[in-house]
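Let me begin by presenting the structure, written as C-alpha cells, before commenting on it.
The values are calculated or read from the model by the stated rules, or taken from the named source; none is laboratory data. In this text the structure is predicted, and so the values were computed from the model without any measurement. Methodologically, a virtual Cβ is constructed for each residue, glycine included, from the backbone with ideal geometry; neighbour enumeration extends over all protein chains shown. Surface accessibility is based on the protein's heavy atoms, side chains included, excluding ligands, DNA and RNA. Shrake-Rupley method; radii C 1.70, N 1.55, O 1.52, S 1.80 Å.
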Amino acid sequence: MSDTDKILEIYRGYDRDKLSIATIGSHSALQILNGAKAEGFKSIVLCKPERVETYRRFGVADKIITLNSYDEILEGGRVYEKLIAENAIIVPHGSFISNVGTDKVEKRLTLPILGNRDILRWDSDRTLERDWLLKAGIKMPKETKDPKDIDRLSIVKFPGARGGRGYFLVANYEDFVRKTAYQVDRGRITRDDIKKATIQEYISGVSMYLSYFYSPLKKEVELFGIDQRLESNIDGLTRIPALDQTNSYIEPSYVVVGNVPIVVRESLIPRIFEMGDSIVKVSKKLAPPGMMGPFCLETIVTHDLEFIAFEISARIVAGTNPFIGGSPYS
Ligand code: AMP
C-alpha cells in the first residue's frame, strides 16, 4: 500500500464529527490551537516536557501529550496510534518541519496533515524555491555562485535551521574572505558551511512577509496578514550611531525574536494578489495538486515599489502570530 493510500485509509476510519487538530508545541502553536478550538475542534499539543506549562497556562489545548522525541509521532512511534484514536489532523509549522525533518514528514508521518506534504521540499531547498518563484514571475535578488564575483553589497546566508544566526554582509571578495575567516575562527561556521552558503544581493527597502491561504474549496488565494520580523541584533544595531558602530565592531545577526503587523500601502495590494495567485498556479505543475492552505512570501519592497522575494514558506509562518484575533485583511 502506498503512503497516500495508507493516509487515506486512516482518514476514512476517522469519526468526522470528532476530529481534532494537533501540532507540535512551538512556533505558531498557540494560535493554531486557539483557532482549532474557535472552530469547534478538539485541540492537541504535542510538546517536550519543558513546554507543557506554556500551553497549560493559555488553556488552548484540550489535550497535552508530552514527547521525549519528535520521532514518537511517526509511524511506529509511541504517540502515533494515540493520534489516530483522536482522529487527529496535523497542522505542520516551521518548527514542526525543522524538528521532525522534511524527509520524515514526507515518508514517515503517515497521518493526515493540512496541506500538500510534497511541496515542503520546495520550500526547504533554496534552488527549488528559486525555480518556483522565478517561474511564477516573481523577482528575486541576484545570486553569486563564486565569491570572487561579488560586485555589490550582498548577504551571506547559511542553510538549515540556524534561523539567521551568523549571516553577514559583504561588499566584495576580500571582505568575504576576511569575514568568513573571522566566523570560522570563532567556531560559528565551518568550512563546509561556507561551501553551502548562499550569497545574495542585499536588497535595501522595507521587509514584508506576506501570509496567504489558498483554499482548494473556494479556489481562491486569501491574504491573511502582513508582518515584519524583529531580528536581533540587526534591529538593535540601527539604534547605534554610525560613528559608534565603526568604533566598536558589533557583528550583525538576523535571529528572529518576534513579529509586528504591517498595513500595506493599498495600491500595492493588486500585485500581492497577483503574486499569490501565480505561486499557486505554478505549484500545481511542480508538485500536484499544488499549494494548499497557508504559505508565506518573504519580500522586500524597494523604493520603486517593487516586491523582491528572498524566500517562500510553503506552510504557516510565525509571522501570522500577531493575528490570533484577526488581521486587517483576514
Ligand atoms: P532568511 O534566512 O532567508 O529568511 O533571511 C533572514 C533575514 O535576513 C531576513 O528576514 C532579512 O532580514 C534578511 N535578508 C535575507 N535575504 C536578504 C536580502 N537578499 N536582502 C536583504 N535582507 C535579506
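Worth a mention:
- Taking every residue in the range 81-108 that is in contact (Cβ under 8 Å) with a residue 60 or more places away in the chain and assigned to a loop (DSSP other than H, G, I, E, B) and pairing it with any residue that is among the acidic types (Asp, Glu) and open to solvent by 10 Å² or more (accessible area, probe 1.4 Å), at least 6 positions away or on another chain, the pairs with Cβ-Cβ distances below 7 Å are ASN87/ASP15.
- Whichever residue in the range 239-263 is among the hydroxyl-bearing types (Ser, Thr, Tyr) and within 16 Å of the ligand (Cβ to nearest atom) and, among such residues, is nearest to PHE168 (Cα to Cα): SER253
- Scoring SER154 on the criteria (1) within 12 Å of the ligand (Cβ to nearest atom); (2) open to solvent by 40 Å² or more (accessible area, probe 1.4 Å); (3) at pLDDT 95 or above leaves a single failure, condition (2).
- In a residue-by-residue description of the range 166-179, the property of being open to solvent by 60 Å² or more (accessible area, probe 1.4 Å), in a helix (DSSP H, G or I), basic (Lys, Arg) and under 27 Å from THR4 (Cα atoms) applies to no position.
- Cβ-Cβ under 8 Å pairs, at least 6 apart or on other chains, the range 2-16 side without any contact (Cβ under 8 Å) to a residue 24 or more places away in the chain, far side open to solvent by 70 Å² or more (accessible area, probe 1.4 Å): GLU9/MET1
- The range 192-206, subset open to solvent by less than 70 Å² (accessible area, probe 1.4 Å) and under 18 Å from ARG130 (Cα atoms), residue farthest from the ligand (Cβ to nearest atom): ALA197
- Residue under evaluation LEU210, criteria (1) touching a helix residue (DSSP H, G or I) at 6+ places or on another chain (Cβ under 8 Å); (2) more than 16 Å from the ligand (Cβ to nearest atom), criterion not met: (2)
- Matching residues in the range 112-127 - criterion: being open to solvent by less than 50 Å² (accessible area, probe 1.4 Å) and either over 20 Å from PRO216 (Cα atoms) or not in a loop (DSSP other than H, G, I, E, B) (or both): ILE113, ARG117, ILE119, LEU120, TRP122, ASP123
- Evaluated against (1) more than 12 Å from the ligand (Cβ to nearest atom); (2) touching a helix residue (DSSP H, G or I) at 6+ places or on another chain (Cβ under 6 Å); (3) not assigned by TED's automatic domain parsing to the domain that holds ILE308, VAL184 falls short on exactly one condition, (2).
- Test: residue in the range 274-295 that is within 16 Å of the ligand (Cβ to nearest atom) and under 16 Å from LEU133 (Cβ atoms): yes
- Members of the range 301-317 found to be in contact with a helix residue (DSSP H, G or I) (Cβ under 8 Å, 6 or more places away or on another chain) and open to solvent by 30 Å² or more (accessible area, probe 1.4 Å), listed by number: LEU305, GLU311, ARG315
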